[in-house]
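Everything below concerns the one structure shown next.
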Amino acid sequence: MREILIDERDFADPQDFMAWIKEALSFPEYAGNSLAALYDCLGDICEPTSITIRRRNPEPDTWFDRATLCIVRASMENDRIKVRVR
C-alpha cells in the first residue's frame, strides 16, 4: 500500500500543495491545479493508498481545510483511498 503524509506546515500556499501532491501521487502532467482537478485525479487512483493529513491551523475555511475536505470526499467515492485526519 502506498502511504503519504500531508502536513499542513509543509505548504506555504495552494500552489506548493498542488505541485507536491501531483508528484506524490503521480498525477498526469496535464492535471490542473484546482480542487476539481484534485478530486478527479483522486478518483482515478487504482493503487491502494493511505493518506494521513496533519492539520495545524484550527481556523475553518482555509485553503488547506478545503483541500482536506476534497481529499476526504474523494476517498468516500474511491475505496482504494483511506484517509486519516489528525
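Apply the Debye scattering formula to the chain, with a single equal point scatterer on each alpha-carbon and no solvent, then give log10 I(q)/I(0) at q = 0.19, 0.22, 0.23 Å⁻¹.
-0.81, -1.12, -1.24
Run through the range 12-58 and list the trypsin sites (Lys or Arg not before Pro) located in a DSSP loop whose Cβ has at most 11 other Cβ atoms within 10 Å. Can you show the working numbers first?
Details: sites: LYS22, ARG54, ARG55, ARG56; in loops: ARG55, ARG56.
The qualifying sites are ARG56.
At 1.4 Å probe size, with the rest of the protein present, what percent of the exposed accessible area of the chain is carbon and sulfur atoms? Please report the intermediate quantities before stating the final value.
Details: 2580 of 5380 Å².
Solvent-exposed carbon and sulfur of the chain make up 48 percent of the total.
Taking K and R as +1 and D and E as -1, what net charge do the other residues with C-beta under 13 Å from the C-beta of PRO58 add up to? Spell out each step's value before the answer.
Values: positive: ARG54, ARG55, ARG56, ARG86; negative: GLU8, GLU59, ASP61, ASP65.
Value of the local net charge: 0.
Please give me the summed charge of the neighbours of ALA19: other residues whose Cβ is under 15 Å from its Cβ, Lys and Arg +1, Asp and Glu -1. Could the numbers behind the result be given before it?
On the way: positive: LYS22; negative: ASP10, ASP13, ASP16, GLU23, GLU29.
My count for the surroundings of ALA19 gives -4.
SER50's amide H: which non-local residues (gap 5+, or another chain) put their own amide H closer than 5 Å, with H modeled 1.01 Å from N in plane and none for Pro or chain starts?
Result for SER50 returns ARG2, GLU3, ILE4, LYS82.
Using the membrane-span-like helix rule (whole DSSP H runs, Cα extent along the own axis of at least 20 Å, mean Kyte-Doolittle hydropathy at least -1.0), which helices of the chain qualify?
Numbers: long enough: 63-77 (22 Å, 0.33).
Helices meeting the criterion: 63-77.
Rolling a 1.4 angstrom probe over the protein chains, ignoring ligands and nucleic acids, what is the accessible area of GLU23 in square angstrom, nearest 10?
Spelled out: GLU23, probe radius 1.4 Å, area about 150 Å².
Quick one: net charge around LEU38, please, counting Lys, Arg +1 and Asp, Glu -1 for every other residue with C-beta under 12 Å from its C-beta.
Working: positive: LYS22, ARG66, ARG73; negative: ASP40, ASP44.
Neighbourhood net charge equals +1.
Within the range 2-18, which residues have the backbone N less than 17 Å from the label spot 7 Å out from ARG84 along Cα→beta-carbon, could you tell me?
Within reach of a label on ARG84: 2-8.
Rounded to the nearest 20 debye, what is the charge dipole size of the chain about its Cα centre when +1 sits on each Lys and Arg Cβ and -1 on each Asp and Glu Cβ? All intermediate terms of the calculation are to be shown ahead of the outcome.
Values: 12 positive and 16 negative charges, 76 e Å.
The calculation lands at about 360 debye.
Where Rh is the Kirkwood radius over the Cα pairs of the range 40-79, the temperature 10 °C and the viscosity 1.306 mPa s, what D in µm²/s does Stokes-Einstein return?
Estimated diffusion coefficient is 142 µm²/s.
The values are calculated or read from the model by the stated rules, or taken from the named source; none is laboratory data. All values derive from a computational prediction rather than experimental measurement. Counting neighbours? That spans all protein chains shown, and the Cβs are built from the backbone with ideal geometry, glycine included. Remember, those area values only see protein heavy atoms, side chains included, never the ligands or the DNA or RNA. Shrake-Rupley method; radii C 1.70, N 1.55, O 1.52, S 1.80 Å.
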